[in-house]
1. Could you tell me whether Gly51 is closer than 24 Å to Pro166 by Cα and part of a loop (DSSP other than H, G, I, E, B)?
2. Does region 129-138 include one or more residues that are part of a helix (DSSP H, G or I) and at pLDDT 70 or above?
3. If I ask for residues that are open to solvent by 30 Å² or more (accessible area, probe 1.4 Å), in contact (Cβ under 8 Å) with a residue 60 or more places away in the chain and not charged (D, E, K, R), which ones from region 192-223 would you list?
4. Considering region 1-36 alone, what residues qualify as being out of contact with any helix residue (DSSP H, G or I) (no Cβ under 6 Å at 6 or more places or on another chain), surrounded by fewer than 17 Cβ atoms within 10 Å (Cβ to Cβ) and assigned to a helix (DSSP H, G or I)?
5. Does Ile84 meet the test of being open to solvent by less than 20 Å² (accessible area, probe 1.4 Å) and outside any strand (DSSP E or B)?
6. Of the numbered conditions (1) open to solvent by 60 Å² or more (accessible area, probe 1.4 Å); (2) not in a helix (DSSP H, G or I), His189 satisfies every one except a single condition; which is it?
7. Name, by its number, the condition in (1) part of a loop (DSSP other than H, G, I, E, B); (2) of a type outside the set (S, T, N, Q); (3) open to solvent by 10 Å² or more (accessible area, probe 1.4 Å) that does not hold for Arg45.
8. Consider Ser33 against the criteria (1) modelled with pLDDT of 95 or more; (2) of a type in the set (Gly, Ala, Ser); (3) within 20 Å of the chain's Cα centre (by Cα): it satisfies all of them except one. Which criterion is unmet?
Amino acid sequence: MKIAILGGTGNIGRGFALRWGQMHDVVIGSRNSEKAITVAEEYTRILNERGFDSKIEGMDNRSAAAVADVIIIAIRYDQVPSVIELITPVLKDQVVVSVVVPMGKDRCYIQPDPTVNGNITIDASKSEYNADYFCYTTPAAGSAAAEIEALLPSDIEVVSAFHNVPAKKLADLDIELDYDIAVCGNCMHSKKIVFGLVNDISNMRPLDIGPLETSGMVESLTPLVINIAIRNKMHDVGIRFV
């Protein structure tokens, strides 16, 4: 299977390339083809040094999409319209997988605990009691995946998956992962292909969440786990259903 990772030079793209590059043909897509080639050579070297006979290619996003069986959309939400417009003319029967999460940063006031300071008067106006947090910015279509589906030709199958995998751990081949991957989509043919890609990564489990309409619930878990990690001084939080 040939997998094009659009946004493959980013953090999550690196992990996908290093994991799937061990058994599939992987193409790194980027707006800058020279950057894609350089990064692809780096990924190839890493896998070759570990004994894998891999050859990862680098191309611009449109060229990468044209040669792929599966296209992973691993870009920022604000880049979605321009990238989809770019690749649409070269689409045939590829399965498109959205990893996109529309989210932003906001601020809130956290009421301090007066018992911590005994009789000391707390100045509630101090900025130290303000806290940054990430929030899900719901698209008009309900999710990024639904928005991508609306922008694509009607015969292209779209699946939503891999939103809650910690990028650093995915890219660290010395780490055995232990996460569940929520998969949303309206076609069992394309969902089964994604199930296979999940199973290709050792100790990852695909879970069928339902139709693409459920993607908004899954996408919104990403800012949730980031907030959990930040507020509780945890690292690379993922999800496992038990």
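The values are calculated or read from the model by the stated rules, or taken from the named source; none is laboratory data. It should be emphasised that the depicted structure is a prediction, and the values quoted were computed from it without experimental measurement. Neighbour counts run over all protein chains shown; Cβ positions are idealised from the backbone, glycine included. To get the accessible areas, we keep the full protein, side chains included, count just its heavy atoms, and leave off ligands, DNA and RNA. Shrake-Rupley method; radii C 1.70, N 1.55, O 1.52, S 1.80 Å.
1. Numbers: closer than 24 Å to Pro166 by Cα: no; part of a loop (DSSP other than H, G, I, E, B): yes.
No, not satisfied.
2. First pass over region 129-138, keeping only residues part of a helix (DSSP H, G or I): 129.
Next, only the ones that are at pLDDT 70 or above stay: none.
The answer is no; no qualifying residue exists.
3. Result: Ile193, Ser220.
4. Glu34, Lys35
5. yes
6. (2)
7. It is condition (1) that Arg45 fails.
8. Result: Ser33 passes all but (3).
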